[in-house]
Every structure is written in structure tokens, then in C-alpha cells.
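Here is the structure we will look at, set down as C-alpha cells.
Since every read-out is calculated from the coordinates, none of them should be taken as a lab result. Source: prediction; values computed, not measured. Here the Cβ positions follow ideal geometry from the backbone for every residue, glycine too, while neighbour counts run over all protein chains shown.
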Amino acid sequence: MKIILTIGFLVISNIFMTLAWYGHLKMREFKWFESLPLVLVILISWGIALFEYFFQVPANRIGFKGNGGPFSLLQLKIIQEVITLIIFSIFSIVAFKTETLRWNHLIAFILLVGAVYFVFKK
């Protein structure tokens with residue numbers, strides 16, 4: 001159960017992170033948003049990122065072996081990075097129609113899956 005909860009929280013936190021870090025690039029399409037000063041855009045992003053932390057911190061606490069979870073610190077980080085790239089890829093394709101996945105991106109994903117394999121290998 002801790003595995004599912006940890007990964008689920010990491011997915012949710014990464015959705016918020018992606019929106020906080022890159023959502024403002026898409027929001028520029030709206031006239032009212034484009035005229036906002038950068039400081040206000042930063043504050044909006046921080047507000048969104050706060051929700052990222054509501055899920056990221058519990059995911060790490062629940063998942064970390066030192067707290068009774070199933071993952072080492074390195075395993076948690078690798079899992080988080082793979083989830084981040086998957087969420088970001090989906091976001092960039094859905095939100096930005098000009099972005100495309102190419103063969104080199106596919107190879108990079110395969111190598112990341114390899115990283116997950118090796119980080120769990122004893």
C-alpha cells in the first residue's frame with residue numbers, strides 16, 4: 001500500500017509542479033494573463049507549487065525506508081525524476097501543440113527505464 005500511495009502522491013505533486021513551472025507559458029495566450037507583471041506570475045506559480053509540496057513531502061516521508069517505507073533515498077529520487085519527465089511530456093504534447101516527441105526522446109525514456117531498473121537492482 002505504501003508503494004501505491006508514494007507513487008500516487010508523486011504523480012499528483014508532479015502535476016502541480018509542472019503547472020507551476022510551465023503553466024504560465026500556456027496562460028500567456030489569455031490577454032488578461034499576458035498583462036500581469038512577472039512578480040504576480042511568480043506569486044501565482046508559488047501558490048500552485050504549494051500544492052506540489054502538500055503531496056511531495058508526504059510521498060517522501062511515506063516512501064522512505066528510514067520512515068518504514070519501501071524505497072531508499074536514491075530510489076525515491078529516480079522514481080520522482082521518471083514521473084516528472086512522463087508528466088512533463090504529456091503536458092507539453094497536450095498543452096503545446098507545436099511540441100512533438102521524436103525518436104531521441106523515446107531513447108531517452110528507455111534509458112530512464114533502465115535507470116529505474118538499475119537503481120532497484122541489488
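Can you give me the distance in nm between label points at L101 and E34, each placed 7 Å from the Cα along the Cα-to-Cβ direction?
Placing both labels 7 Å along Cα→Cβ, they lie 3.1 nm apart.
Would you mind calculating the gained length between L85 and V116 on full extension (0.36 nm times residue separation, minus the Cα-Cα distance), in nm to one decimal?
9.9 nm
Could you tell me which of rounded, prolate or oblate describes the stretch 2-120, using a ≥ b ≥ c as the square roots of the eigenvalues of the alpha-carbon gyration tensor, with rounded for a/c under 1.5 and, failing that, prolate when a/b is larger than b/c and oblate otherwise?
Taking the square roots of the gyration eigenvalues as a ≥ b ≥ c, the stretch 2-120 is oblate.
Across the stretch 98-112, in residue order, what do the Karplus-derived ³J(HN,Hα) couplings come to in whole Hz, using 6.51 cos²θ - 1.76 cosθ + 1.60 with θ = phi - 60° and x for Gly and Pro?
Calculated HN-Hα couplings, in order: 7, 7, 9, 8, 10, 4, 5, 5, 4, 5, 4, 5, 4, 5, 5 Hz.
Using the Cα centre as the reference, give the magnitude of the dipole from point charges on the C-beta atoms of the chain (Lys, Arg: +1; Asp, Glu: -1; all else neutral), rounded to the nearest 20 debye.
Charge dipole of the chain: 360 debye, to the nearest 20.
Can you give me the Cα centroid spacing of the stretch 53-79 and the stretch 1-50 in angstrom?
21
Ranked by Cβ crowding within 10 angstrom, fewest neighbours first, how are R28, R102 ordered?
R102, R28
How far apart, in nanometres, would the label points at Y22 and R61 be if each is projected 7 angstrom from Cα along the Cα-to-Cβ direction?
Here the modelled spin labels are 2.9 nm apart.
For the stretch 67-115, what D do you get in µm² per second when you plug the Kirkwood radius from alpha-carbon pairs into Stokes-Einstein at 25 °C and 0.890 mPa s?
The Stokes-Einstein estimate is 200 µm²/s.
Please list, in order along the stretch 83-97, the HN-Hα scalar couplings obtained from phi with the Karplus expression 6.51 cos²θ - 1.76 cosθ + 1.60 (θ = phi - 60°), rounded to whole Hz, x for Gly and Pro.
4, 4, 5, 5, 4, 4, 4, 4, 4, 5, 6, 6, 7, 10, 5
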